[in-house]
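One structure follows; several queries about it will come next.
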């Protein structure tokens, strides 16, 4: 299992600046923590749109998954948020 916590809050003027800042912070936090423990295989920051093969794999993994009402509501709230 993983612990989830806020490491840092980030503000940006636009989506491009936010992505750039988050990519750099991802690299930093991977270096400071998970790369040494073997969880991340790269230094991070190179994420992009998943390939069709990756999308199929994710879809196959989720197929048949039971979505609780609480999870459905949380996903609905997250998807309805607009970037600041």
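Quick one: in the range 1-20, which of the residues that are touching a residue at least 12 places away in the same chain (Cβ under 8 Å) and not in a loop (DSSP other than H, G, I, E, B) is nearest to residue 31 (Cα to Cα)?
The extreme case among them is 18.
Then there's this: Take the range 25-42 and flag every residue that is assigned to a helix (DSSP H, G or I) and either modelled with pLDDT of 75 or more or surrounded by 13 or more Cβ atoms within 10 Å (Cβ to Cβ) (or both).
Restricting attention to the range 25-42, the residues satisfying the condition of being assigned to a helix (DSSP H, G or I) are 25-37.
Result: 25, 26, 27, 28, 29, 30, 31, 34, 35.
The values are calculated or read from the model by the stated rules, or taken from the named source; none is laboratory data. These figures come from a predicted structure and were not determined experimentally. All Cβ positions, even for glycine, are placed from backbone atoms using ideal geometry, and neighbour counts span all protein chains on display.
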